[in-house]
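Encoded as structure tokens, the structure appears first; notes follow it.
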Amino acid sequence: MGKFRYVLRFPMEPGFNEDEVSQRLVDFCKSGKIDEVMFFINCEDVFMGHLTKEQTKPWLEMIARHAHTLKKAGVDFSINPWTTLSHADRGRVMNPEHDFQTMVDIDGTKSSITGCPLDEKFIDYLCDIYGYIASLKPKVIWVEDDFRLHNHQPVKWGCACPLHLAEYSKRLGKEVTREEFYKGLMDKNPNEYRNVFMEVAREEMVNFAKRIGEAVRKVSPNTEVGLMSSYPVCHFIENRDWEGILHGLGAGKPPHNRPHLPAYCDHNPVSYLGLFQNVSVKTANMVPKDAKLFPELENSPWTSYSKSDAFAKFQLELCSLLGAKGITMNVFEMNGNGINPTENFDLTLKEVKPYMSKVTELGLHQDNVKGVVSLYCEDSVKTLIADDTQNLNKLMPQEDMWAAVLPIFGISTTVSNSISHKGKIVAVCGQYLRNFGKEEILELFKNNLVMLDGESIVCLCEMGLGHLAGVKAYEYMKAESGINSYEEICDGNLYAGHTKGRMSCQQQKGKFLKLDCEEDIHRISNIMSFDKTVTCPGMYLYRNCFVIPYVFDLFNFPYSFFNNVRRDAVATLLKEQGVTVTNGNAGLAVYDFGDAFMIANASLDSQTGVTVTSPSYKDKKVYEITRKGRTKYTGKADKDGVVLLKGTTKALSTRVFVIK
């Protein structure tokens with residue numbers, strides 16, 4: 001049914017309205033162009049804890065019956081056991097037949113149902129169950145995103161059960177209590193406790209993945225095994241080995257991954273675009289290059305009250321940026337009701353399928369995006385200096401600001417896990433630079449234009465490299481302190497139609513740096529006090545770096561940062577460096593692939609008169625992929641590389657153009 005696969009995650013329960021649910025499923029698959037149905041086992045509302053084989057048998061018999069019916073309709077089937085470790089307790093307790101160790105939070109909270117990934121009895125049990133499930137020979141078995149060490153309520157982070165404490169003690173070379181380990185782990189500075197926690201986490205999850213992959217392969221050699229994943233910053237704390245886990249599960253077959261699409265409900269589309277960059281795009285960049293990606297379109301709690309078709313379609317279309325082979329969809333209630341006959345999501349899927357399939361033929365992937373390269377490091381947790389919060393969330397790296405902000409500003413941007421770049425514009429924020437030695441940092445600045453935020457300036461200064469950014473000294477200043485009431489353009493240029501345009505600082509949530517800089521910096525703006533005196537430089541250029549002195553917070557989306565004046569100042573600078581940009585309509589992102597580009601309208605407003613500018617497009621022919629999956633000639637870029645997009649760029653939509 002096309003090159004972009006629709007995979008419907010489907011909850012039905014043995015013996016509950018099966019005939020009615022099955023018929024609606026077949027009808028929906030035909031109407032919505034579904035390629036594959038992923039049957040849940042023991043899911044969500046009807047979750048009974050870790051099942052015995054006897055309890056699993058009715059689920060497999062049900063799946064076998066309805067997979068046979070789907071096959072007649074040309075639809076494949078796969079299986080999604082809804083738990084591995086288990087998502088959360090929610091009143092469930094361990095089956096008396098299962099003498100498994102459950103997870104214990106580092107603060108002592110004990111789970112009643114979530115299995116410990118170091119417990120050999122639990123691993124043996126789960127592998128036996130997965131082998132049993134594989135006996136149906138599904139196309140894929142998907143390991144749920146509870147295959148992780150965080151968010152197993154009431155357990156928030158990690159495991160400090162007796163098995164884990166023994167392993168931690170062994171590696172530390174001394175016996176430690178849970179309280180002692182917790183205290184060491186909560187220290188704000190990198191230390192042996194943090195290192196041991198991360199070592200154990202990495203190794204145990206790779207071992208578990210290999211065991212599952214081998215169990216499936218032994219029973220069903222052609223069944224592939226995929227992994228559903230979560231927020232990358234959480235997986236950083238777990239020290240996740242993406243290669244080890246995904247290839248371990250694959251056991252010789254191509255690895256599969258379901259990147260998280262970070263919106264279970266309708267979301268502010270501008271902030272969603274930023275989250276998409278920092279979660280979905282980053283995941284696609286981290287997984288093995290041979291991984292088949294099927295992102296997650298989820299609607300929770302699974303009706304149109306929580307997510308509109310329009311927003312779901314926007315999420316679906318953006319997936320082309322990831323190089324996705326298709327999409328998994330969890331859009332119906334997780335209790336056995338099946339298809340909701342009062343909604344018409346199948347019509348939306350049918351309408352967008354030709355477009356998605358044609359775009360998929362182009363082989364777009366975020367790794368090939370041209371423009372600013374936002375840098376991150378998977379090892380940042382090991383070097384990060386945290387605050388005094390007594391929660392492991394404080395170890396989440398804050399390196400994603402540029403990756404989120406620049407696409408929203410209409411500036412083509414990608415991400416990279418490497419510091420080795422030449423002739424690029426690279427963007428650095430948070431404590432990224434702590435991961436590298438002075439020579440590597442000097443090479444980065446020597447070979448590239450480097451964009452910096454406030455916290456990266458602090459890191460440079462602490463390493464004795466503040467001179468690279470023209471900084472002699474800095475001082476942290478609190479938000480709303482009065483001396484940072486607004487930012488004012490001072491370079492004599494007109495931005496967004498304003499002379500000496502102003503941008504509010506008073507609405508900024510985080511801290512900023514009061515900088516003492518070299519005299520020869522090129523100031524673009526100044527930070528101003530309420531009494532109209534200059535506090536310090538705002539945006540500025542110094543040799544081959546560009547600085548914005550704000551310190552950003554992962555947990556507070558910087559809405560006040562988005563200002564037409566600031567956007568125009570940043571975009572003008574980058575456009576002069578040859579970066580592909582739009583003409584500045586709010587929430588209009590562009591991704592330049594060299595021989596193609598994608599426009600994403602993350603706005604509730606349709607837009608006309610949209611332009612995209614790139615020096616590499618000069619005088620070239622432009623073709624658009626139509627909604628019917630055809631290629632249509634639309635004209636040529638002008639001598640300056642400006643492409644005027646004909647017609648309307650609808651709200652919550654993407655458009656893809658080919659350059660020849």
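The values are calculated or read from the model by the stated rules, or taken from the named source; none is laboratory data. Since the structure is predicted, the reported quantities are computational estimates derived from the model, not experimental observations. Neighbour counts run over all protein chains shown; Cβ positions are idealised from the backbone, glycine included. In case anyone asks, the SASA skips ligands and DNA or RNA and just uses the protein heavy atoms, side chains included. Shrake-Rupley method; radii C 1.70, N 1.55, O 1.52, S 1.80 Å.
Below is a table of values for the structure above.
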item: Test: K183 is without any contact (Cβ under 8 Å) to a residue 60 or more places away in the chain, part of a helix (DSSP H, G or I) and open to solvent by 10 Å² or more (accessible area, probe 1.4 Å); result: yes
item: Qualifying residues in segment 35-50 (those that are in contact with a Lys or Arg (Cβ under 8 Å, 6 or more places away or on another chain) and either closer than 19 Å to Y132 by Cβ or outside any strand (DSSP E or B) (or both)) - the one most open to solvent (accessible area, probe 1.4 Å); result: M48
item: Segment 90-115, residues that are aliphatic (A, V, I, L, M) and either surrounded by fewer than 20 Cβ atoms within 10 Å (Cβ to Cβ) or not in a strand (DSSP E or B) (or both); result: V93, M94, I106
item: Search result, residues across segment 451-504 that are surrounded by fewer than 16 Cβ atoms within 10 Å (Cβ to Cβ), closer than 12 Å to L515 by Cβ and among the small types (G, A, S); result: A473
item: Selection count where residues are open to solvent by 10 Å² or more (accessible area, probe 1.4 Å), in a loop (DSSP other than H, G, I, E, B) and either closer than 29 Å to M396 by Cβ or not charged (D, E, K, R) (or both), scope segment 530-554; result: 7
item: Residues satisfying the stated conditions in segment 310-352, i.e. of a type in the set (S, T, Y), assigned to a helix (DSSP H, G or I) and open to solvent by 20 Å² or more (accessible area, probe 1.4 Å); result: T348
item: Check on N239, open to solvent by 20 Å² or more (accessible area, probe 1.4 Å) and either more than 18 Å from L126 (Cβ to Cβ) or free of Cβ contacts under 8 Å to residues at least 24 places away in the same chain (or both); result: no
item: Matching residues in segment 51-85 - criterion: being in a helix (DSSP H, G or I), open to solvent by less than 10 Å² (accessible area, probe 1.4 Å) and of a type in the set (V, I, T); result: T56, I63
item: Hey, N417 within 22 Å of W242 (Cβ to Cβ), touching a helix residue (DSSP H, G or I) at 6+ places or on another chain (Cβ under 7 Å) and either buried (at least 21 other Cβ atoms within 10 Å of the Cβ) or in contact (Cβ under 8 Å) with a residue 12 or more places away in the chain (or both) or not; result: yes
item: Near pairs, Cβ below 8 angstrom, 6+ apart or cross-chain, from segment 277-306 (closer than 30 Å to D379 by Cα and open to solvent by 30 Å² or more (accessible area, probe 1.4 Å)) to any residue that is assigned to a loop (DSSP other than H, G, I, E, B) and among the basic types (K, R); result: K292/K325
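To keep it simple, each residue is scored yes or no on (1) under 26 Å from the mean Cα position of the chain (by Cα); (2) assigned to a loop (DSSP other than H, G, I, E, B); (3) of a type in the set (D, E); (4) farther than 19 Å from M103 by Cα.
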| residue | (1), (2), (3), (4) |
| --- | --- |
| R148 | yes, yes, no, no |
| K156 | yes, no, no, no |
| A160 | no, yes, no, no |
| S169 | no, no, no, no |
| R194 | yes, no, no, no |
| M198 | yes, no, no, no |
| E204 | yes, no, yes, no |
| N207 | yes, no, no, no |
| A215 | no, no, no, yes |
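Condition check ((1) surrounded by 18 or more Cβ atoms within 10 Å (Cβ to Cβ); (2) assigned to a helix (DSSP H, G or I); (3) basic (K, R)) across all residues:
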| residue | (1), (2), (3) |
| --- | --- |
| P354 | yes, yes, no |
| V373 | yes, no, no |
| D388 | no, no, no |
| Q398 | yes, no, no |
| P407 | yes, yes, no |
